[in-house]
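Enquirer: Mind having a look at this structure? Questions to follow.
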Amino acid sequence: MNEEAAPIGAASALGRLYVVATPIGNLGDATFRAIEVLKTVPLVAAEDTRLTRRLFARYEITTRLISYHARSGPRRQEELLEHLRAGWDLALVTDAGTPLVSDPGGELAAAWAADGGVVVPIPGASAVLAALVVSGLAVARWSFEGFLPRRGRERRERLARIAADERACVIYEAPSRVPDTLADLAAAAGGERRAAVCRELTKIHEEVVRGPLAELVRLAKAGELTLRGEFVLVLESITSADAVAKHLRDQGPASMADARAQVVRLVAGGAKRSDAVRQVASTTGLGRRELYRPD
């Protein structure tokens, strides 16, 4: 803690809103700082007080709880803002993970920031980051989509944007919708693009299944994916070689000159010549021996 900051929980001109990350499954993942804040503030606003009481019981926290969720309405938000305006600190938690990431709390934080209040992040567990690091995929640059639209044009357009984006992508999904979402991702991004299906992260039944989207779709249809618990899907980023392959497929049959030019571009991008030839040969159907020859 910053030694120059006012003590947590003390009354001051304006209270501070602490946005506190809580465990996504394993209660042992709570940070020391998160427990200190939750024990010291005079009030904690929780998405579901029943779930938060489990965490409180584990760490012997006795702070007063109040519910604050997506259906709380403007009156509850105003009550919390008045609490802060009176100079009292407030901690915000959700059922699991970091508040404001596909969870309620964004409007409260935005309103308090607009009032000139201080919003303090207390980082910790995050299903997004946990899925990225366990995926085993190329994910140095990534985007977060949360839950996709369930159907219609908005869903199709969102999937098309995800497929065209070179970055990796993280998606939350309900168990029953995982097979359909995998199939839609395969149709939009190509069955060869790799992904990871992450289930029950940090929990007893944690499981990660990796592979090309076409194979993951097959597993889902065959009933070989366990569709219970909480899911995070990670779609791998597009490498330069993948981008070239997709371009060639979209263009249809390529001339030998075009194919050799693609090999040159891949090599210029850092690929080994043998790997570049193999990639272009597999996507065009042209012979490797001919691709090795100069024009």
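Every number in this text was worked out from the coordinates using simple rules, so none of it is lab data. Just so we're clear, the structure is a prediction, and the values are computed from it rather than from any experiment. Cβ placement follows ideal geometry from the backbone for every residue including glycine, while neighbour counts extend to all protein chains displayed.
Enquirer: How large is the charge dipole for segment 61-200, taken about the Cα centre, if only the Cβ atoms of Lys, Arg (+1) and Asp, Glu (-1) carry charge, to the nearest 20 debye?
Expert: Dipole of segment 61-200, to the nearest 20 debye: 420 debye.
Enquirer: Ok, one more. Calculate the translational D of the chain in whole µm² s⁻¹ from Stokes-Einstein, where the hydrodynamic radius comes from the Kirkwood formula applied to all Cα pairs, the temperature is 37 °C and the viscosity 0.692 mPa s.
Expert: 149 µm²/s
Enquirer: Which of the three applies to segment 128-235, rounded, prolate or oblate, going by the alpha-carbon gyration tensor with a ≥ b ≥ c and a/c under 1.5 meaning rounded?
Expert: Because its axes are fairly even, with a/c under 1.5, segment 128-235 counts as rounded.
Enquirer: In addition: With a cut-off of at most 16 other beta carbons within 10 Å, and DSSP calling the residue loop, which GluC sites (Glu not before Pro) in segment 4-100 qualify? Please list them.
Expert: Here the GluC sites (Glu not before Pro) that fit, given the DSSP loop and packing criteria, are Glu4, Glu60.
Enquirer: Just name one of Thr22, Leu129, Gln279: the one whose Cα is farthest towards the positive end of the charge dipole of the chain (beta-carbon charges, Lys/Arg +1, Asp/Glu -1).
Expert: Final value for the positive-end residue is Gln279.
Enquirer: Could you state the per residue volume, in Å³, of the convex hull enclosing the Cα atoms of segment 1-152?
Expert: In segment 1-152, the Cα convex hull volume per residue is 154 Å³.
Enquirer: With each label point set 7 Å from Cα along the Cα-Cβ vector, what nm distance links Asp258 and Ala70?
Expert: Between Asp258 and Ala70, the simple spin-label model gives 4.6 nm.
Enquirer: What Kirkwood radius, in Å to one decimal, follows from the Cα pairs of segment 13-100?
Expert: Answer for segment 13-100: a Kirkwood hydrodynamic radius of 13.0 Å.
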